Every structure is written in structure tokens, then in C-alpha cells.
Amino acid sequence: MRDKLRSLASDTAVYGASTIIQRFLTFLLTPLYTNYLSMSELGVVSNVYALIAFVNIAYAFGFESAFMRFYRGTDTDKRTVFTQSFIPVVTIAAALSLLFYLLRSYTASGAGIPTDQREQEFALILLIPFLDAITIIPFAQLRMERKAKRFAAFKVMVVVTNIVLNIVLVVKGGMGSHGVFVAGACSSLLGVVLVLPQILRTLHRGTSRLRELASFGIPTMPSGFASMLLQVADRPILTVMTTPIIVGLYNANYRLAIPMMLCVSVFEYAWKPFYLNHAEDDDAPMLFGRVFTYFTLASAVVFLLISLFASSVVRLPFPGGTLIHPSYWQGLHIVPIVAAAYYFAGVTSNLAAGLHITKKTTRLPLIVGSAAVVNIALNLLLIPSLSYTGAAWATLGAYAVSAVLMYATSQRVYAVRYEWSRVLRIVLLAAAIFAVDTLRPVQTVVPDVIVKIILLLLFLLSLRFSGFFSSAETSALRSLMRRSPRR
């Protein structure tokens, strides 16, 4: 048992580290795009990749989930399941790509692609999700066979290639948004090349299990679409209701909240195996409540780091100008809103533990779907009056609704003793520090960064001296600090 848990922890660490590296490297494209693309071009790129996220779900058609569910038995059985999952995905992807291209006068318009670029550009754009579809089942196979390091290496290689090609084509070549899509297609092609040997040696003609795979996989699609609507519905709606320039401004500032997203991602990778391993412990309800408190504390620190220092970070030097081009600074006010939305996304993941422990996961699609509907409704309601700021508030509102619904549902099946008084203290103190920084006059004598550092320390000291930490927690922190120098 111990060896199994150790192997699970090892794989989780590899997947978590690779995901963080990929997302951080992808974030590096933000300063590149803000300095070398026009706002309109960045808006088109943002909207296209948001739509690609939806297309990827349609192309997979639920077969990825079905493959992972039925990939077991003899080697022949596994090869049969691989083949009969892989071929339908590629066939569906090819058919839908062709259909989208034939209807390009409508579909390209929905993507926000200028009329004079639709013929060549749209074919290139459709190539990206099609190539990605070819790799869906092979990458799932690597996960099922616990080849975590190979999976991570391939994913990172694809991201690094994308970044290098963006530098070559966008920065050096001056190809604008077209260079972005060329880089995306080439990096996706590399993914196909990397898994091609695996595909060729695994394809196998066996007894048909297509109906069994489809019966399991297709019903999972609504949940996938709902989850994606919750994440990226704001971009297409913004494109329709505003302009590509507004979408570009929104997306550039939205990405500045990525440290909070990384915080939530790290937590999610560690959280699920943790609660599944400790679900039967006598003190599990109290333990899980304490974890939620610590997650909120870590999130509050990250939130303040983002909110207090974003305006300073964007001014750092970067080839071509500053880290984020000055024309985008007017949208910095949405960064704290998006960071708060990411926190509620993490809250939802935390609260979902009860449904997974009790195997009541059939309730998850309704929760996610309801939050997605709220997201769309709030976007439609707020964007006309608040523009992209309304989209940010809609995202926060939707994730907050998701958290509330998850709490109400999960507590009915698995009650956790959450430390709400401590959580509320963290939230109120963080909000107070943020408000002070927002409302204070600009300093001229004391450098602004020093004031922000003092405010961050004030938050931590307020917790320390207000009795937030118990004596046991204080002793543990002191012990950790005493050991750190010797390491």
C-alpha cells in the first residue's frame, strides 16, 4: 500500500510540475504579444484560442474519458481500446474541420477573423485543433501506463517550440497574428510527430467495442462543455458585443492573474490524492476544514502579491519596451477581480471532495452547468454597461456561485467542519489591506513599492498578533524557521 501511495505521489508531482512549467512558459507570451501585436490582433488570437478550447471537446467526443475507463486487460484488449478510441476521434476531427472550413464565411466571422484573412488564416487555425485531436488518445495512454515523465517531457517540448517559433515569427519576422497561428500549428505538429511511433505500434484490429466506448464517453460531453463555458465563455461574448481591441485589452490583463491560477493548480494536484487517502480517518472532517483554512491563507497572500504589485511588475523592462505595453495598463483594475475568481475556483475544487469521497459525482455536471449559465447571463447583462470590466465581474460571480452550490451539495453527503471564523478573518483582512492600497494617495516621498511591502507585512502581522494562529501552529512555524538555515 505504501509503495502504491508513493508512486501516486511521484506521478502527481511530475504532472503538477510539468503543468506549472507549461503555464508559466505560456504566460511569457503575454509580454511578447502586448509589445509586438496590436490590441486588435491580440483580441483575435485570444478569441480564436478560446473557441479552440470548445472545438477540442467536440473533437474528442467523450472518447478520451471512455478510453481511460476501458483501457485494461490483456495487451490485445488495450490495443483494441486504443484503436477504437483513436480512429473515431481523428475521423470526427477531420469531418468537423472540413465542415467548419466549408462554412467559413459564418464560422470565421464568429471567430472574429477579418474578412481579408479568412481563406488562408482559417485553414491554418483549423489545423491546430485537428493536430491536437490526433494526440488526445496517445497522451491519455501515456497517463494510463504511468509514463508521467515522457508525458511531461512531450508537453513541455511542444510549449517550448511554440514560444521559440513565436519569437522567431512574431518578434523577428514581424508576422503578427498570422505568426502566432503558424507557431501554434507547427508546435501541434511536433506533438503528432512525438507520439507517431506510439500510434503506429499500438494500432490493432480487434473485436468491436465502439458502442461500449461511445455509450460511456458521449454522456460526459455536456459536463465538459459546461466546464469550458465557465472558463472561457467571456471571450466569444466580448468579441460579439465589443471589438477585438477590447478583447485584447481584457485578455492581456486577465493573464496577469496567473500566479493565483498556478496556486490553485498546485493545490488541486496535491488535494485529490490527499483527501482520498485520508477520507476514512477519524479526524478527516476537522482535517479537511483545516486544509481549507490554510488554502485560503495561501490564496490571500498570493492575491495581495498580485493586487499590490501588478502595476509595478508591468513596468519592468522587456525587449521591445516594458513587460506589458503601456497601452494595456488601463485594464489593470480587472487583475484583482480575476485573481479572486481563481480563488473561488480553488474553493470549488476543495469543496468537491465530499462528492468524490461518497461517489456522488453525478451531481457535478449540474453544479458546473448552473455556474456556466450564470457566467453567460452575467456577461450578457454586464458587458453592455461595463465593457470588459463586466466580463471580469461575471467570471468572479460565476465561480462564486459554483462554490456556493458545491458547498450546499457536498455538505449534505459529507459534512466537513470548516473553520469559517478563521476563513472570514483572512478574507476581511486581505480585503482591508487591498482597500487601503487602492484608496491611499500616491506616495512621492516613500517609494510606492516600499509602501506595498509594508502593507503585505501588515497583513501577516495582523494575523500573527490577533490570535489567528493557535499555540501549536505557532510552535510548528517557529520549529520550521529554526530548521531552515541548517538546510
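The figures follow:
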| read-out | value |
| --- | --- |
| Residue among Thr207, Thr202 that is crowded, with 17+ Cβ neighbours inside 10 Å, at pLDDT below 90 and within 19 Å of Met68 (Cα to Cα) | Thr202 |
| Residue in the stretch 146-169 that is in contact with a Leu (Cβ under 9 Å, 6 or more places away or on another chain), basic (Lys, Arg), farther than 18 Å from Arg69 by Cβ and at pLDDT 85 or above present | yes |
| Test: residue in the stretch 336-346 that is in contact (Cβ under 8 Å) with a residue 40 or more places away in the chain, touching a helix residue (DSSP H, G or I) at 6+ places or on another chain (Cβ under 7 Å) and farther than 26 Å from Pro31 by Cβ | yes |
| Thr438, sole failed condition from (1) of a type in the set (Ser, Thr, Tyr); (2) under 30 Å from Glu280 (Cβ atoms); (3) assigned to a helix (DSSP H, G or I) | (2) |
| Any hit, the stretch 109-124, residues being within 30 Å of Val240 (Cα to Cα) and in contact with a Pro (Cβ under 7 Å, 6 or more places away or on another chain) | yes |
| Test: residue in the stretch 456-470 that is surrounded by fewer than 16 Cβ atoms within 10 Å (Cβ to Cβ) and under 18 Å from Gly289 (Cα atoms) | yes |
| In the stretch 66-106, the residues that are open to solvent by less than 20 Å² (accessible area, probe 1.4 Å) and part of a helix (DSSP H, G or I) | Ala66, Phe67, Thr80, Val81, Phe82, Thr83, Ser85, Val89, Ala93, Ser97 |
| Cross-chain or 6+ apart pairs with Cβ under 8 Å, the stretch 242-260 first and charged (D, E, K, R), then in a helix (DSSP H, G or I) and open to solvent by 10 Å² or more (accessible area, probe 1.4 Å) | Arg255/Phe27 |
| Selected residue [buried (at least 20 other Cβ atoms within 10 Å of the Cβ), on the phi > 0 side of the Ramachandran plot and modelled with pLDDT under 75] from Gly62, Gly112 | Gly112 |
| Single unsatisfied condition, Leu439 versus (1) closer than 18 Å to Gly346 by Cα; (2) surrounded by fewer than 16 Cβ atoms within 10 Å (Cβ to Cβ); (3) of a type in the set (A, V, I, L, M, F, W, C); (4) more than 26 Å from the chain's Cα centre (by Cα) | (1) |
| So Thr389, is it within 25 Å of the chain's Cα centre (by Cα), surrounded by 18 or more Cβ atoms within 10 Å (Cβ to Cβ), touching a residue at least 40 places away in the same chain (Cβ under 8 Å) and over 30 Å from Glu280 (Cα atoms) | no |
| Which listed residue is within 30 Å of Pro31 (Cα to Cα) and modelled with pLDDT of 85 or more, from Val314, Val266, Val291 | Val314 |
| Failed condition for Ser421, given (1) modelled with pLDDT under 90; (2) farther than 15 Å from Phe309 by Cα; (3) among the polar types (S, T, N, Q); (4) open to solvent by 60 Å² or more (accessible area, probe 1.4 Å) | (1) |
| Tyr275 vs. criteria under 16 Å from the mean Cα position of the chain (by Cα), surrounded by 19 or more Cβ atoms within 10 Å (Cβ to Cβ), part of a helix (DSSP H, G or I) and touching a residue at least 60 places away in the same chain (Cβ under 8 Å) | no |
| Selected residue (only one of Thr389, Thr438 is modelled with pLDDT of 95 or more and hydroxyl-bearing (Ser, Thr, Tyr)) | Thr389 |
| Verdict on Tyr15 being within 23 Å of the chain's Cα centre (by Cα), in a helix (DSSP H, G or I) and modelled with pLDDT of 90 or more | no |
| Criterion: small (Gly, Ala, Ser), in contact with a Ser or Thr (Cβ under 7 Å, 6 or more places away or on another chain) and part of a helix (DSSP H, G or I) - qualifying residue of Ser223, Ser265, Ser215, Ser227 | Ser265 |
| Failed item, numbered, when Tyr328 is tested on (1) at pLDDT below 95; (2) more than 18 Å from Arg255 (Cβ to Cβ) | (2) |
| Breaking point among (1) open to solvent by less than 30 Å² (accessible area, probe 1.4 Å); (2) among the aliphatic types (A, V, I, L, M); (3) within 19 Å of Ser187 (Cβ to Cβ), for Ile21 | (1) |
| Residue under evaluation Tyr36, criteria (1) at pLDDT below 90; (2) open to solvent by 30 Å² or more (accessible area, probe 1.4 Å), criterion not met | (1) |
| Candidate set from the stretch 353-367 (those that are modelled with pLDDT under 90 and closer than 16 Å to Ala398 by Cα); member that is surrounded by the fewest Cβ atoms within 10 Å (Cβ to Cβ) | Leu366 |
| Only one of Thr362, Thr409 that is farther than 20 Å from Thr242 by Cα, touching a Lys or Arg at 6+ places or on another chain (Cβ under 7 Å) and either assigned to a helix (DSSP H, G or I) or among the polar types (S, T, N, Q) (or both) | Thr409 |
| Residues that are closer than 19 Å to Leu332 by Cα and open to solvent by 70 Å² or more (accessible area, probe 1.4 Å), drawn from the stretch 424-436 | Val436 |
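The values are calculated or read from the model by the stated rules, or taken from the named source; none is laboratory data. Nothing here was measured: the structure is a model prediction, and the numbers come from that model. Cβ coordinates were reconstructed from backbone atoms using ideal geometry, including for glycine residues, and neighbour counts include every protein chain displayed. We work out accessible area using only protein heavy atoms, side chains counted, and drop any ligands, DNA or RNA first. Shrake-Rupley method; radii C 1.70, N 1.55, O 1.52, S 1.80 Å.
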